[in-house]
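Shown next, in C-alpha cells, is the structure this report addresses.
The values are calculated or read from the model by the stated rules, or taken from the named source; none is laboratory data. All values derive from a computational prediction rather than experimental measurement. Methodologically, a virtual Cβ is constructed for each residue, glycine included, from the backbone with ideal geometry; neighbour enumeration extends over all protein chains shown.
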Amino acid sequence: MSEQAAPSYLEKLRGVKALSGLPYPSWQEILISGVGGLIIIALLQLVNTEWELVKTFIVPFGATAVLVFAAPAAPFSQPRNIVGGHLIAGLTGIVVYTIFKESTWWTLALANGFAIALMVATKTVHPPAGATALLPVLNQITGLEWLVEPVLVGCLFFVVVGVLLNNVWPKRRYPAFWL
C-alpha cells in the first residue's frame, strides 16, 4: 500500500478545491440575516445613545451580528461563545493594560494572542472577541465594570434577540447549544 505524500506548503495555498460548492442562500435567508443585523444594532444603539439607559455598544458587536444572524448554526455563533468569548477577551485586554500601562503594538499583540489562546482553551472561540481584547488596551480601560456594561449587557442582548428572531422562521433553530 502506498502512502500519499503530504502536500507541500505551496500546494496548500491552492486550496482543496477551486470553488466553494456552497449553494447560494435563498432571498428569505438573505433578508432574515440582514434584518437581524439591522434590528440588533438599532436596539443596541437606541438603548445606548438615544435613551441613555445602559451602555451596550462596542464596535466588535457589528461582527457578532454577522455570526448570530447570517450563521446561527455555527459554533462561533452560540451563546456560550458570544458571552464567554467577549468576556474572556475583554478581561484579557484589561489585565494586559493594567500590567503594562501602555498602548503599543506589543501590548495589543499580547492582549489579542492571550485572548485567542484562552478562548481556544475554554471552547469559547468567538472571532469578533479578538477585537474586544484590543479595546481596553487602545482606550486605557482598567475597570472591571466595563466587562459588565457594555460587554456582558450587550452580549445578553445578542442572545435574547438572536433566540427571538432566529426561531421565528421554520428553517432556523437557535441556539444549536447553550453550554
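If the condition is being part of a loop (DSSP other than H, G, I, E, B), free of Cβ contacts under 8 Å to residues at least 24 places away in the same chain and either within 12 Å of L165 (Cβ to Cβ) or not acidic (D, E) (or both), then the range 32-73 contributes W51, L53, A71.
If the condition is being under 19 Å from I41 (Cα atoms), without any contact (Cβ under 8 Å) to a residue 12 or more places away in the chain and not polar (S, T, N, Q), then the range 125-179 contributes V148, V160, L164, V168.
Do we find that I88 is part of a helix (DSSP H, G or I) and either modelled with pLDDT under 95 or surrounded by fewer than 23 Cβ atoms within 10 Å (Cβ to Cβ) (or both) in this structure? Break it down into steps so the answer makes sense when it comes.
Values: part of a helix (DSSP H, G or I): yes; either modelled with pLDDT under 95 or surrounded by fewer than 23 Cβ atoms within 10 Å (Cβ to Cβ) (or both): no.
Taking the combined requirement at face value, the residue does not satisfy it.
Could you check, for the range 66-83, whether at least one of its residues is of a type in the set (V, I, T), modelled with pLDDT of 95 or more and surrounded by fewer than 15 Cβ atoms within 10 Å (Cβ to Cβ)? Scanning the range 66-83 turns up no residue that is of a type in the set (V, I, T), modelled with pLDDT of 95 or more and surrounded by fewer than 15 Cβ atoms within 10 Å (Cβ to Cβ). Taking the range 74-84 as the range and being in contact with a Phe, Trp or Tyr (Cβ under 8 Å, 6 or more places away or on another chain) and in a loop (DSSP other than H, G, I, E, B) as the test, only Q78 passes. The condition of being of a type outside the set (F, W, Y) and modelled with pLDDT of 95 or more does not hold for S2.
Is it the case, given these coordinates, that K101 is in contact with a helix residue (DSSP H, G or I) (Cβ under 8 Å, 6 or more places away or on another chain) and among the basic types (K, R)? Judged against the criteria, K101 is not a match. Of all residues in the range 164-178, exactly one satisfies the criterion of being surrounded by fewer than 16 Cβ atoms within 10 Å (Cβ to Cβ) and part of a helix (DSSP H, G or I), namely L164. Residues of the range 98-115 include none that is closer than 22 Å to G36 by Cβ and in a helix (DSSP H, G or I). Picking from residues in the range 46-78 that are polar (S, T, N, Q) and closer than 15 Å to E149 by Cβ, the one that is nearest to the chain's Cα centre (by Cα) is T56.
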